[in-house]
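To start, the structure itself, in structure tokens.
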Amino acid sequence: MKRTPLALLAFSFYLLVSPALAQESATLRLSLKEAQDYAVEHNYAMQNASLDVKKAEASRWQAISSMLPQVKASFDYQNMCGYEMNLGGRGTSSMMPDSVTIGGTTMPLSFIYNTSNDDNSSGGIPMNPSGTLGITASVALTGAQIVSTMLSKVAIDMADITRRQTEQTTRANVKSVYTSILVMEQTAGLLDSSLANMQQLLETTEASVRAGAAEQIQADKLSVQVASMRNSINSTRRSLTMLYNSLLLQLGADVNSKLELTTSIDDVVNVEEAAKLTLGGFDIENNYNYQLLEQSEKLSERQLTLAWMDFTPTLSAYYQYSYKTYFGKDAGFNMTPPNMIGASVSVPLFQSGTRMAKIKGAKIDYQETLNSRRQAEDGLRVQYNQLCYDLVSAIESYQIQRDNLDVTRRVFTNTSEKYKYGHASNLEVTNASTDIITAQSNYIQAFMSVVSAQVALENLLGN
């Protein structure tokens, strides 16, 4: 009984420590490449895309198996409850043979006719209980089955292209969110540095107010700027939390996991490398949307072929084995052959124009698919030119906003130093702090525009 408080204390300590240990074990330290690979493996959209490929493969094997021999077995049991087939005869003749052979089975004549001298007896065939074991192997082949396997192969190719397109989209989304987090963290660091300078200026101004060298209104204006900058930092921190949660969803990781990003922002986005994307040209065959359109064209072509297959004959063949046994003391009358084979050819002749109408509709669908592919090809080339222009414009804007942020930071630092020695007014400090917040916001937007334009162009190129 004395050990109970100690046990309770140990258990309470475990409850307090175990969440911390679980949180530490759930920490994910990922580079950008590792994050993308993790998402490809665990993202639910990727898992569904992989399952669609397996589903298409299963459908293809289902189509193939329909052309292979089908074997089934059966067993039948019959019991006539003592019934005898009456032949209408009475008595026997001295000239009647002792036995008779029917269907390869020799049976005593007494089995068929009642040979006793009893006048009340009548001739008949006893219907003894019987059982039949049957095994049937059959195969049927049509032109539609062959084309169906070709259609299923196209479906597998389309599912695989969709899977690779989903992988590309997943990697692009991870890169966008990963980069946004890095930019937000960099921005938060810049704002923290600016806030520290503003708080120092506020403390200096408040000291000057107490000494009678400055007016209270100057300290109040600075306090408003400090509060505004602190609000910007808090907003940035909340945005960071949302971005981390978004990245966890993209990764398919536990939402309670902690993320540590190990790739620097300079390694994620290289403006010079991004600009090279506009110089390599556009190979439309690498675009996944175009590949899907090509597969859709093949699918429409196979559908047209399938419509023509309604004119082809159907070939079928079968083999049947039957074994029949009687469960009575006497053999029964067995006329079931043990082996049987057969074959047939079925040729369609006339369906009131239904097949020709079906073929005409398939031709129209195929022509529409050709037109859609050609239109999409022209659209993708125009889109490539537009995305190249967007990327170049985004890079130019980024370079301007980067230089503007650098200048604004130097102006803010210079103005802050002047304000300390009384060579700058409170209004100049306020304007400088407002300018740096605006410059940082413009820098973030310009940087993310480069990332978005680069990701869009990479997706189009199939990189």
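Given (1) closer than 30 Å to residue 154 by Cα; (2) more than 44 Å from the chain's Cα centre (by Cα), where does residue 338 come up short, assuming only one miss?
The number of the failed condition is (1).
Considering 25, 99, 116, 94, which residue is in contact with a strand residue (DSSP E or B) (Cβ under 7 Å, 6 or more places away or on another chain), more than 30 Å from residue 149 (Cβ to Cβ) and either open to solvent by 90 Å² or more (accessible area, probe 1.4 Å) or modelled with pLDDT under 90 (or both)?
99
Need pairs with beta-carbon distance below 6 Å; first residue closer than 14 Å to residue 235 by Cβ and within region 434-450, second of a type outside the set (Asp, Glu) and part of a helix (DSSP H, G or I); sequence gap 6+ or separate chains.
437/232; 440/187; 440/190; 444/183; 444/187
Out of all the residues in region 219-237, which are more than 48 Å from the chain's Cα centre (by Cα) and open to solvent by less than 60 Å² (accessible area, probe 1.4 Å)?
219, 222, 223, 225, 226
For region 304-348, enumerate the residues that are modelled with pLDDT of 85 or more, more than 19 Å from residue 72 (Cα to Cα) and aromatic (Phe, Trp, Tyr).
Selection gives 308 alone.
Tell me, which residue of region 424-449 that is part of a helix (DSSP H, G or I), small (Gly, Ala, Ser) and open to solvent by less than 40 Å² (accessible area, probe 1.4 Å) is farthest from residue 194 (Cα to Cα)?
The residue in question is 446.
Given the structure, is residue 401 open to solvent by less than 80 Å² (accessible area, probe 1.4 Å) and either at pLDDT below 90 or not in a loop (DSSP other than H, G, I, E, B) (or both)?
It is true that residue 401 is open to solvent by less than 80 Å² (accessible area, probe 1.4 Å) and either at pLDDT below 90 or not in a loop (DSSP other than H, G, I, E, B) (or both).
Would you be able to say whether some residue in region 404-423 is on the phi < 0 side of the Ramachandran plot, assigned to a loop (DSSP other than H, G, I, E, B) and either open to solvent by 60 Å² or more (accessible area, probe 1.4 Å) or touching a residue at least 40 places away in the same chain (Cβ under 8 Å) (or both)?
yes
Suppose we filter 216, 199, 186 for residues that are polar (S, T, N, Q) and exposed (fewer than 15 other Cβ atoms within 10 Å of the Cβ); which single one remains?
Result of the check over 216, 199, 186: 216.
Is one or more of the residues making up region 386-396 under 21 Å from residue 204 (Cβ atoms) and modelled with pLDDT of 85 or more?
For region 386-396, residues under 21 Å from residue 204 (Cβ atoms) and modelled with pLDDT of 85 or more: absent.
Provide a single number: the residues in region 271-282 that are outside any helix (DSSP H, G or I), of a type outside the set (A, V, I, L, M) and surrounded by fewer than 11 Cβ atoms within 10 Å (Cβ to Cβ).
Number satisfying all stated conditions: 2.
Check whether at least one residue in region 146-153 is over 30 Å from residue 314 (Cβ atoms), of a type in the set (S, T, N, Q) and either under 42 Å from the mean Cα position of the chain (by Cα) or open to solvent by 30 Å² or more (accessible area, probe 1.4 Å) (or both), and report yes or no.
No.
Find all pairs meeting these conditions: Cβ atoms under 7 angstrom apart; at least six residues apart or on different chains; first residue within region 138-151 and closer than 14 Å to residue 59 by Cα and part of a helix (DSSP H, G or I); second residue of a type in the set (Ser, Thr, Tyr) and open to solvent by less than 40 Å² (accessible area, probe 1.4 Å).
none
For region 342-391, give me each residue that is part of a helix (DSSP H, G or I) and β-branched (Val, Ile, Thr).
Hits for region 342-391 are 354, 359, 364, 369, 382.
List every residue pair whose Cβ atoms sit under 7 Å apart, with the two residues 6 or more apart in sequence or on different chains, where the first one lies in region 363-376 and is more than 12 Å from residue 294 (Cβ to Cβ) and the second, anywhere, is small (Gly, Ala, Ser).
Listed by first residue and then by second, the contacts come to 365/300; 366/300.
Check region 257-270 and report whether any residue there is under 24 Å from the mean Cα position of the chain (by Cα), under 24 Å from residue 34 (Cβ atoms) and open to solvent by less than 70 Å² (accessible area, probe 1.4 Å).
Looking through region 257-270, at least one residue is under 24 Å from the mean Cα position of the chain (by Cα), under 24 Å from residue 34 (Cβ atoms) and open to solvent by less than 70 Å² (accessible area, probe 1.4 Å).
I'm trying to understand the selection: among the residues of region 245-267, which are β-branched (Val, Ile, Thr) and without any contact (Cβ under 8 Å) to a residue 40 or more places away in the chain?
255
The values are calculated or read from the model by the stated rules, or taken from the named source; none is laboratory data. None of these values were measured; they are calculated from a predicted model. Please note: Cβ atoms are built from the backbone with ideal geometry, for glycine as well, and neighbour counts cover all protein chains shown. With ligands, DNA and RNA removed, areas are computed over all heavy atoms of the protein, side chains included. Shrake-Rupley method; radii C 1.70, N 1.55, O 1.52, S 1.80 Å.
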